[in-house]
Amino acid sequence: MGRVSRRQALANRATVVEASSRLFRERGIDGVSVPELMGTAGLTHGGFYRQFDSKDALAALACTAAFDGLFDDLLPHEASPGDLAAFLATYLSPTHRDSPADGCPATAFAADVTRAPAGSPVRAAYAEGVRRFVEAVEGLTAAEGDEADATAARQRALVTLATLVGTLTLARATAGEPIADELLSATRAALGADGPAADAAAR
């Protein structure tokens, strides 16, 4: 079989990164083998090391892609009043809880990244994603107009993000039990994700 074109090789690489992003979030980095990743992308195992230096290098790319998806799907590019409550309600919804493959990478990658060695590419990718996430939440807070002080806005964004990730982690770990829904609803109320629009997003 002839060699694929550079354009096709780049398309194959993007397909593998996207498939890995979903599988790693759903089952963990160690829970998916390289042959399975390539098979899901419709490619052969032998092509992996022509595209990626290692599985860890792929995990870093998949983590970055997952954060990019979070910003595209859940966070508005230009924040306006009301966006914070709508985002919180969507993030803390049963739908998001029950869809890890398409969900927040800050939650899904946390355990794997914690076990990764210092200097690992996936650690750097995760830290950068979290930094961007905090900045995005800061932007939503600023759009609400209730945080004139930059330091206070930063602190609120950090606490909000930690609360979101912690709540989603616990809700997923207790899915199927009444407390899973209690965790989501209690945190929505505590963070101010109330109102008709937020209620619709939370379902």
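Distance in nm between label sites at ASP56 and GLU135, each 7 Å beyond Cα in the beta-carbon direction?
Those two pseudo-labels are separated by 2.6 nm.
Quick check: residue separation of ALA186 and LEU10 times 0.36 nm, minus the Cα distance between them. What number comes out in nm?
Residue separation times 0.36 nm, minus the Cα-Cα distance, leaves 58.9 nm.
Over the chain, what is the relative contact order in whole percent, taking alpha-carbon pairs under 8 Å and six or more residues apart?
Relative contact order of the chain: 26 percent.
For helix 6-27, report the angle its Cα long axis makes with the longest principal axis of the Cα atoms of the chain; keep it between 0 and 90° and round to the nearest 10°.
Once rounded, the angle reads 50 degrees.
Give me the percent of the accessible area of the chain that comes from carbon and sulfur atoms, probe 1.4 Å, all protein chains in place.
54 percent
What is the distance, in nm, between label points placed 7 Å from the Cα along the Cα-to-Cβ direction at THR163 and at SER33?
Here the answer is 4.4 nm between the modelled labels.
Which distance in nm do the two modelled labels at GLU26 and ALA152 give, with both placed 7 Å along the Cα-to-Cβ direction?
4.5 nm
On a 0 to 90 degree scale, rounded to 10, what angle separates helix 150-173 from the longest Cα axis of the chain?
Long axis of 150-173 versus the principal axis of the chain: about 70 degrees.
At R0 = 41 Å, how high is the FRET efficiency between ALA124 and THR95 if r is their beta carbon distance? Nearest 0.05 is fine.
After rounding, the FRET efficiency stands at 0.85.
Relative to the first principal axis of the alpha-carbon coordinates of the chain, what is the inclination of helix 55-73, with its axis defined by its Cα atoms, in degrees from 0 to 90 and to the nearest 10?
40 degrees
The values are calculated or read from the model by the stated rules, or taken from the named source; none is laboratory data. From a predicted model like this one, the values you see are computed outputs, not experimental measurements. Because the Cβ atoms are built from the backbone with ideal geometry, glycine has one as well, and the counts that use them run over all protein chains shown. Note: areas computed on protein heavy atoms with side chains; ligands, DNA, RNA excluded. Shrake-Rupley method; radii C 1.70, N 1.55, O 1.52, S 1.80 Å.
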